[in-house]
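Q: Just passing along the structure, written as structure tokens.
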Amino acid sequence: MQPEVCFINQKEIELIHEKALEMLEDMGMKFEAAEAREYFVKAGAKEEDGIVKIPRNIIEDGLKTVPKRDTFVLYGRTPDKDHRVADNVPTLAAMTMATHVLDIETGKRRQATDRDLTMITRIMEHLDAVSSASALVTPQDVPMQASDWYTWATSIKNTTKHITGGAVGKEGVRDAIRMASLAVGSEEEFLKRPFISFWVLTMPPLRVDENTCNVLMESARFKVPSVISSGGILGMSSPMSIESALVHTHAEILACVALSQLVNSGAPVIYSSYVRSMDMRTMCINMSSPESIIMKGAMAQLGRYVGLPTEMPANLRDGKLMDAQHGFETGMGGTVGALSCDFIVGMQLDMDLLVDYADLIYSQECMSNLQRLVRPMSFDDETLAYDNMEEAGHGGSFLDSDHTLFNYQDELWNPTVMERGNYENWEAKGSKDIHEVCLEKARKLYDELKDVEILPEDVRKAIDAIAAESGEKAKHIKR
Amino acid sequence: MSKIEEVSNCVVSGKAKLINGLVQEALDEGCQPFELLNAMIDAMGIVGERFKNNEIFVPEMLVSAKTMKRGVAILKPLLANGDSTGAGKFVIGTVAGDLHDIGKNLVCIMIESAGFEVIDLGVDVPIEKFIETVRENPDVKIVGCSALLTTTMPSLRDTVAALNEQDFRPNIKIMVGGAPITQEFADEIGADAYTPDAASAAQKAKEFVA
């Protein structure tokens, strides 16, 4: 069986779903783009003051036509980086928009640059457990209003993996698609295997701003996936009870899914949620609080219930450096994420503001560990190995048996940075803690990848040109 | 316990429903409105101190602030012109192009709790609106502007630059904030202060008017 963690049972899931449908019918959803409201009205919803009251049949029809988890493929630019959700191997997806890094040489916190994004993306290209090499940092040294464009350009130039990013309005969506199309030769080729997707973040409770509506509608038109997330904050933009937060969060995602299907039936979406808690003393949001992680698990269950691929930010750590808090948060969030959703958004510290190069290696190690943890057992002749038992006999040893030799590499997870030896050997290797080990590995990769380009120069230049000309249109868009 | 003490305790413990009755009783017994006002301001000082010492959390502080607000509403018509109702006016908004107001709303709450009268201009506030509001309210002490996204930081820069050119600039302080904002950025664009969170924003604002 596939091991799973459950925070809500079937009856509770059905209750939440039902309450969410009722909420959309009675309270409705505020879509701030008139075009979005028109789609709903045309389908039979009532509009009042920018709010659409959505009959359940619109939601249910949308859930029928949206591509389901069992056939969903998260495309890479090249097929070797495709990820089939039905294989049930959870992977890491890079979060976006951190503003700071710990400098790889000095370890000091400083603003992230375009060079950081380049190198971080190149490193992620080599981390097997990472399926989406999205822009972990937003460079602070590019023209700021157009930083979404520059971020897309640098990401597309430096990875063959999937990329999820923010876009600014319809033009932002179209320009990101133009850049991605350059990387595969044509828009036609790109649309066969759309290897980028767009964040669609609601403004809870029950509101979607105009720009976000536009991003959702435009990506649906192209059948490029939207990662739809509603992320309230308990006691702030969500009520102070997880149960209530789950209902409106689920409702908001359902309304957005329905809009995508009204625009273009069959448009792909991923079900996500940033719903989280806030510390009532410091008023900082907490990405790794127990409540936030409970909600990630429960939302993943709701996403599965409606048959969608799920992506949950269960590995954004509140800790500021790779210390024991960071380690526990990585473990707790990661374990719940791996046992409940398809893509675990992570690889940032300080909630979602800081990236440590060493943590990239650490996150890869933890995810690889968790992939083993959640792998289903399969009871067959090879695994039951009765012959092997007979061969060793009572009180015998299996160390030199063929069964051990043939199976140990697959059966046992093999760490690459975690310490497994005895104290003396660890001491002989320099008594290094895991941060030091990870940092060394990150530095080695950094050096190796310094000058590695994966796209021809003319393509890179054409992509850069799209970013360079974006300044004027970016200026006038609200976000 | 005197009536004034009761009013003070009522604010500290955040019993919003009782404050109107208590203030009225105190007035009936002959307490001066400004005495009561000062007692409530002092009570909020105690609340702020308790918050700083981690004895209470934001929701408790909020209910105290709400209690005081109700009490002040009764006193307002009775106060002489010269009696200040607190620390002054604080104009706040997210800059043009930025629609994210959660952090800004937290700052409003904390600033109000610190005794300021908050003029909340909401989100996506054009530069002219900030300027106009300060012109219309000569007693504005502080203008707070926020930007949540790196993409709206240039708009914050433009807003502060425009405020810096106004003739009223010497009379106000400009505070900036938002997740991607740093002290260096605040210095670079010519703001008077940057604070990393709502509690320190309130602290800083109090220092400015002290």
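Q: Mind computing the radius of gyration and Dmax over the alpha-carbon atoms of region A:375-431? Å is fine for both.
A: 16.0, 44
Q: In which sequence would A:Glu391, B:Glu207 go, from the one with the fewest C-beta neighbours within 10 Å to the one with the most?
A: Numbers: A:Glu391 13, B:Glu207 10.
Ranking A:Glu391, B:Glu207 by Cβ neighbours within 10 Å, fewest first, gives B:Glu207, A:Glu391.
Q: Determine, for A:Arg372, A:Arg109, A:Arg37, the number of other Cβ atoms within 10 Å of each Cβ, and report the residues in order from fewest to most.
A: Details: A:Arg372 13, A:Arg109 16, A:Arg37 21.
So the residues, fewest neighbours to most, are A:Arg372, A:Arg109, A:Arg37.
Q: Residues of B:102-109, mean number of Cβ from any other protein chain within 10 Å of their own Cβ, rounded to a whole number? All intermediate terms of the calculation are to be shown ahead of the outcome.
A: Numbers: counts 9, 4, 0, 2, 4, 1, 0, 1.
Averaged over the peptide's residues, the number is 3.
Q: By counting other Cβ atoms within 10 Å of each Cβ, how are A:Trp152, A:Trp199, A:Trp413 ranked from fewest to most?
A: On the way: A:Trp152 27, A:Trp199 22, A:Trp413 15.
The fewest-first ordering by Cβ neighbours comes to A:Trp413, A:Trp199, A:Trp152.
Q: Which of the three applies to region A:1-84, rounded, prolate or oblate, going by the alpha-carbon gyration tensor with a ≥ b ≥ c and a/c under 1.5 meaning rounded?
A: Details: a/c = 2.90, a/b = 1.42, b/c = 2.04.
Oblate is the answer for region A:1-84, as a/c is 1.5 or above yet b/c matches or exceeds a/b.
Q: Right, here's the next one. Tell me, in nm to one decimal, what length is gained between A:Gln409 and A:Glu105 on full extension, where the rule is 0.36 nm per residue of separation less the Cα-Cα distance? Numbers along the way, then the final one.
A: Details: separation 304, 0.36 × 304 = 109.44 nm, distance 3.49 nm.
Here the answer is 106.0 nm.
Q: Find how many whole Å separate the alpha carbon centroid of region B:119-160 from the alpha carbon centroid of region B:50-83.
A: With region B:50-83 and region B:119-160 each reduced to a Cα centre, they are spaced 25 Å.
Q: Rounded to the nearest 0.05, what FRET efficiency is calculated for B:Ala210 and A:Asp141 with R0 set to 41 Å and r the Cβ-Cβ distance? The partial results should precede the final answer.
A: Numbers: r = 38 Å, r/R0 = 0.93.
The value I calculate is 0.60.
Q: Additional query: Give the Cα extents of region A:84-178 along the principal axes, in whole Å, largest first.
A: 40, 37, 18
Q: So how far, in whole Å, is the C-alpha centre of region A:436-479 from the one of region A:30-84?
A: 32
Q: Taking amide H positions as placed in the peptide plane 1.01 Å from N, state which residues far from A:Val227 in sequence (5 or more) or on other chains have amide H under 5 Å from it.
A: The answer is A:Phe198, A:Trp199, A:Val200, A:Ile270.
Q: Gap in Å between the Cα centre of region A:147-189 and the Cα centre of region A:283-359?
A: 26
Q: Taking 2.2 N^0.38 Å as the expected size of a compact globular protein, what ratio does the Cα radius of gyration of region B:1-140 give against it, to two decimals? Numbers along the way, then the final one.
A: Details: Rg = 16.5 Å, N = 140, 2.2 N^0.38 = 14.4 Å.
Taking N as the residue count of region B:1-140, the ratio is 1.15.
Q: Which of the aspartates and glutamates could a cross-linker span from B:Lys69 if the Cα-Cα distance has to be under 18 Å and same-chain partners fewer than 8 positions apart are dropped?
A: B:Glu5, B:Glu6, B:Glu25, B:Glu35, B:Asp42, B:Glu60, B:Asp83, B:Glu112, B:Glu117, B:Asp120
Q: Let me know the volume per residue of the alpha-carbon convex hull for the protein assembly as shown, in Å³. Walk me through the intermediate numbers first.
A: Details: hull volume 140.3 nm³, N = 689.
In the protein assembly as shown, the Cα convex hull volume per residue is 204 Å³.
Q: Right, here's the next one. Would you mind computing, in nm to one decimal, how far apart the modelled labels at A:Arg221 and B:Asp28 are, each placed 7 Å from Cα along Cα→Cβ?
A: Taking the simple label geometry, A:Arg221 and B:Asp28 are separated by 6.8 nm.
Q: Here's a follow-up. What is the pair-distance distribution P(r) of region A:96-136, computed from all Cα-Cα distances in 10 Å bins starting at 0, with each bin given as a whole percent?
A: The percentages, shortest bin first, are 28, 54, 18.
Q: Taking region A:164-225, which GluC sites (Glu not before Pro) meet the DSSP loop condition and have no more than 15 other C-beta atoms within 10 Å?
A: Values: sites: A:Glu171, A:Glu187, A:Glu188, A:Glu189, A:Glu210, A:Glu218; in loops: none.
Filter output for region A:164-225: empty list.
Q: If you average the sequence gap of Cα pairs under 8 Å that are 6 or more apart and divide by the length of chain B, what percent do you get for the contact order?
A: Numbers: 337 pairs, mean separation 36.9, N = 210.
It comes to 18 percent, rounded to a whole number.
Q: Compute the signed sum of charges (Lys and Arg +1, Asp and Glu -1) over the other residues within less than 9 Å, Cβ to Cβ, of B:Phe208. Present the calculation step by step, with values, prior to reporting the outcome.
A: Working: positive: B:Lys141, B:Lys173, B:Lys204, B:Lys206; negative: B:Asp192, B:Glu207.
Neighbourhood net charge equals +2.
Q: Sort the following peptides by mean Cβ neighbour count (other Cβ atoms within 10 Å, averaged over residues), highest first: B:44-54, A:274-284. Mind showing how you got there, number by number?
A: On the way: B:44-54: 15.8, A:274-284: 20.4.
Listed from highest to lowest mean packing, they are A:274-284, B:44-54.
Q: Using a Cα-Cα cut-off of under 17 Å, which lysines could be cross-linked to A:Lys432, ignoring same-chain neighbours fewer than 8 residues away?
A: Result set, ordered by chain and number: A:Lys441, A:Lys444.
Q: Tally Lys and Arg at +1 and Asp and Glu at -1 over the other residues with C-beta under 11 Å from the C-beta of A:Ala129: what net charge comes out?
A: Numbers: positive: A:Arg372; negative: A:Asp128, A:Glu365.
Overall, the nearby charge balance is -1.
Q: Modelled label-to-label distance, A:Arg56 and B:Met1, 7 Å Cα→beta-carbon offset: nm?
A: Here the answer is 5.2 nm between the modelled labels.
Q: Can you compute the FRET efficiency between A:Lys192 and A:Asp70 using 1/(1 + (r/R0)^6), with r the Cβ-Cβ distance and R0 = 22 Å? Round to the nearest 0.05.
A: Numbers: r = 21 Å, r/R0 = 0.93.
Computed FRET efficiency for A:Lys192 and A:Asp70 comes out at 0.60.
Q: Let me ask another. Tell me, what is the FRET efficiency for B:Glu55 and A:Asp400 to the nearest 0.05, using R0 = 45 angstrom and their Cβ-Cβ distance as r?
A: On the way: r = 65 Å, r/R0 = 1.45.
With R0 = 45 Å, the Cβ-Cβ based efficiency is 0.10.
Q: I've got another one for you. Normalised by the number of residues in chain A, what is the relative contact order in percent for Cα pairs under 8 Å and 6+ residues apart? Could you put the intermediate results ahead of the total?
A: Numbers: 963 pairs, mean separation 89.9, N = 479.
Averaging sequence separation for qualifying contacts and normalising by length gives 19 percent for chain A.
Q: In Å and whole numbers, how far do the C-alpha atoms of region A:355-474 stretch along each principal axis, longest first?
A: Extents along the principal axes: 78, 40, 25 Å.
Q: Report the one residue of A:Ala133, B:Ala43, A:Ala20 whose Cα lies farthest in the direction of the positive end of the charge dipole of the protein assembly as shown (charges on C-beta: Lys and Arg +1, Asp and Glu -1; origin at the Cα centre).
A: Checking the options against the dipole of the protein assembly as shown, the answer is B:Ala43.
Q: How would region A:415-479 be classified by its alpha-carbon gyration tensor: rounded, prolate or oblate, with rounded meaning a/c under 1.5 and the a/b versus b/c comparison settling the rest?
A: Here region A:415-479 falls in the prolate category.
Q: Could I ask something else about it? Along Cα→Cβ, 7 Å out, is where each label goes; now give me the distance between the ones at B:Glu35 and A:Ala428 in nm to one decimal.
A: My value for the distance between the label points is 8.4 nm.
Q: Quick one: of A:Lys81/A:Lys170; A:Lys473/B:Lys129; A:Lys473/B:Lys104; A:Lys161/A:Lys320; A:Lys296/B:Lys89; A:Lys42/A:Lys223, which pairs are farther than 32 Å apart, Cα to Cα?
A: Values: A:Lys81/A:Lys170 27 Å; A:Lys473/B:Lys129 23 Å; A:Lys473/B:Lys104 27 Å; A:Lys161/A:Lys320 28 Å; A:Lys296/B:Lys89 41 Å; A:Lys42/A:Lys223 21 Å.
Beyond 32 Å between Cα atoms: A:Lys296/B:Lys89.
Q: Could you tell me the relative contact order of region B:124-210? Use alpha-carbon pairs under 8 Å, at least six residues apart, and round to a whole percent. Could the numbers behind the result be given before it?
A: On the way: 96 pairs, mean separation 23.8, N = 87.
Contact order relative to length: 27 percent.
Only the coordinates and a few stated rules stand behind these numbers; no lab work does. Nothing here was measured: the structure is a model prediction, and the numbers come from that model. Methodologically, a virtual Cβ is constructed for each residue, glycine included, from the backbone with ideal geometry; neighbour enumeration extends over all protein chains shown.
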